[in-house]
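Written below as structure tokens is the structure these notes are about.
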Amino acid sequence: MDQGTMIAIVVGVLVLAVIGWLVWQRQRSEQLRARYGPEYDRTVTQLGDQRRAESELLKRQERVAALEIRALSAEQLNGYVQQWKTVQTLFVDDPKGAVTDADRLVEEVMRTRGYPVSDFDQRAADISVHHPRVVDNYRSARDIAQRHKVGKASTEDLRRAMVYYRGLFHDLLEDREHEGTRAREAAVTRANAERVVERDLARDADRHGERVVARDADRTEIPVQRVGERLDNRDIRNDHEVIP
């Protein structure tokens, strides 16, 4: 192989590698944008660079994955729902007190679920991983809560803060952190159950010498064939067919 051919091969490999890297980068960007929504754009604007922003979002995911986030028990869930109803009722007579209690209740739910709550900015970054739809409203509600402490929030501001807190509160009650895990576990369980049913059907057919009928996706009845048995085409019947 001459030198020119070698150079051409090396250049070709490098070009393919660059194309592959660019495709991977674009796919990663699309996945992060789809996951975080407005939080993605906010982070890009805040850091002033798309690559830095995406690195920050990935670090958030790694940090939250290392936390021991827990789902609420039924008792905890019901207790918090009742507390929220009390806070919401309080708003009619004491808007400022209601906003203060709403902020406290949201923080308590986060703590119970396993989120660190010592630093607000870190708290917001953590919940953005699984609750990106409401995290920016959380920041707005928190800002109003801080302004009302120094008398700079109107009643309308406090009403908006309550709406924001309510959205975050209800979102935190849902166990979004483990949705993927539950879906995978359900798929595995379903597949295992189907294999057990198929195995038991075949075992029963051999044990009792009876023909076991199964149905495929289009509701066609398919007999399970025993060893040495020959099936006739007439044994296969579809529910949509009328056989005289």
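All of the numbers you see were taken from the coordinates with simple rules; none came from a lab. Since the model is a prediction, treat every value here as computed from it, not as a measurement. Cβ coordinates were reconstructed from backbone atoms using ideal geometry, including for glycine residues, and neighbour counts include every protein chain displayed.
Of the peptides 105-113, 81-89, the order by per-residue mean of other Cβ atoms within 10 Å, starting with the highest, comes out as 105-113, 81-89. Full extension of the chain between residue 30 and residue 133 yields a length gain of 35.4 nm, computed as 0.36 nm times the residue separation minus the alpha carbon distance. Listed from fewest to most Cβ neighbours within 10 Å, the set 99, 129 follows the order 129, 99. With the highest mean first, a sort of the peptides 140-147, 48-55 on other beta-carbon atoms found within 10 angstrom per residue produces 140-147, 48-55. In this structure, residue 117 and residue 94 have a Cβ-Cβ separation that, at R0 = 25 Å, corresponds to a calculated FRET efficiency of about 0.55.
Using Cβ point charges alone (K and R +1, D and E -1), the dipole size of segment 74-174 about the Cα centre works out to roughly 200 debye.
Length gained on full extension, residue 82 to residue 146, computed as 0.36 nm times the residue gap minus the Cα-Cα distance: 20.5 nm.
For the pair residue 16 and residue 65, label points projected 7 Å from Cα toward Cβ lie 2.9 nm apart.
Net charge within 14 Å of residue 81 by Cβ-Cβ distance, Lys/Arg positive one each and Asp/Glu negative one each, not counting residue 81 itself? The answer is -2. Each of 128, 154 has some number of other Cβ atoms within 10 Å of its Cβ, and from fewest to most they run 154, 128. Per residue, the convex hull spanned by the Cα atoms of segment 33-150 amounts to 113 cubic angstrom. Take the Cα of residue 55, step 7 Å toward its Cβ, do the same at residue 41, and the gap between the two points is 2.5 nm.
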